[in-house]
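Each remark here refers to the structure printed beneath this line.
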Amino acid sequence: MKFVMGETPVLKKPLVPPHYPLAPMELVFEISQFLYREARILDEERYEEWLGMMTDDIHYWMPGIQARHRKDKTPRLDPKRMAFFDDDMLNMRRRVTRFMDPTAWAEDPPTRAVHVISNIEVELTDKPDEFRVYSTFINCRGRGEAEEFWLTGRRTDILRRGNDGVLRIASREIVTTQTVLLAKNLNVFL
């Protein structure tokens with residue numbers, strides 16, 4: 001279909017929205033509460049407890065974003081390109097240890113953070129103990145007396161229920177709306 005400026009495009013057949021199996025309301029509520037609790041735990045710098053909300057095989061990925069024209073068909077997210085985070089549990093533990101170290105000058109005085117989580121959607125997967133969860137976030141960080149940094153974006157998580165019945169994050173993909181991060185550091189988990 002070719003679009004000419006000033007003309008209203010005519011679709012040949014009506015678009016049908018994609019259908020995904022709806023997660024039960026109780027599961028959506030449980031997962032929403034899980035994500036809200038995670039945000040509060042991060043805001044309170046309870047990082048060891050936060051790591052306990054992850055599976056041992058966690059993949060925590062925040063790729064760099066490039067501003068591209070629509071005609072550029074290069075994949076928008078490419079695991080072979082630069083990433084701000086591309087962490088497994090070992091790397092996440094290292095980051096937490098560094099955050100909490102008394103010599104971590106970038107965190108003294110500590111950053112004051114607020115995580116706002118919204119637009120939570122839960123999809124069932126072909127594995128009965130795993131759920132695909134979409135959410136949006138706003139992260140506001142204050143440093144010193146006058147510095148303030150905002151990060152916004154979308155997340156796609158795979159949550160897995162363990163044999164103990166507890167939900168944990170098995171993977172997280174974070175896509176920010178910013179192509180250039182203006183903060184002086186990235187001492188944050190999203």
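Quick rundown of the values:
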{"read-out": "Extreme residue, least open to solvent (accessible area, probe 1.4 Å), among residues of region 147-169 that are modelled with pLDDT of 95 or more and β-branched (Val, Ile, Thr)", "value": "ILE169"}
{"read-out": "Residue in region 136-143 that is exposed (fewer than 10 other Cβ atoms within 10 Å of the Cβ) and not polar (S, T, N, Q) present", "value": "no"}
{"read-out": "Flag for ILE174 being touching a helix residue (DSSP H, G or I) at 6+ places or on another chain (Cβ under 8 Å), among the β-branched types (Val, Ile, Thr) and open to solvent by less than 40 Å² (accessible area, probe 1.4 Å)", "value": "no"}
{"read-out": "Test: residue in region 63-80 that is in contact with an Asp or Glu (Cβ under 9 Å, 6 or more places away or on another chain) and closer than 15 Å to ASP157 by Cα", "value": "yes"}
{"read-out": "Members of region 39-51 that are open to solvent by less than 70 Å² (accessible area, probe 1.4 Å) and assigned to a loop (DSSP other than H, G, I, E, B)", "value": "GLU45"}
{"read-out": "Tally of residues being at pLDDT 80 or above and outside any helix (DSSP H, G or I) across region 72-100", "value": "6"}
{"read-out": "Residue selected from region 91-135 under the condition among the β-branched types (Val, Ile, Thr) and touching a Phe, Trp or Tyr at 6+ places or on another chain (Cβ under 8 Å), by the criterion most open to solvent (accessible area, probe 1.4 Å)", "value": "VAL116"}
{"read-out": "Region 52-90, residues that are of a type outside the set (D, E, K, R) and loosely packed, with under 12 Cβ neighbours inside 10 Å", "value": "GLY52, ALA67, HIS69, THR74, PRO75, PRO79, MET82, LEU90"}
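The values are calculated or read from the model by the stated rules, or taken from the named source; none is laboratory data. All values reported here derive from a predicted model rather than from experimental measurement. So basically every Cβ, Gly included, is an ideal-geometry build from the backbone, and we count neighbours across all protein chains shown. Ligands, DNA and RNA are stripped out before the accessible areas are found, and what is left, the full protein with its side chains, is counted by its heavy atoms. Shrake-Rupley method; radii C 1.70, N 1.55, O 1.52, S 1.80 Å.
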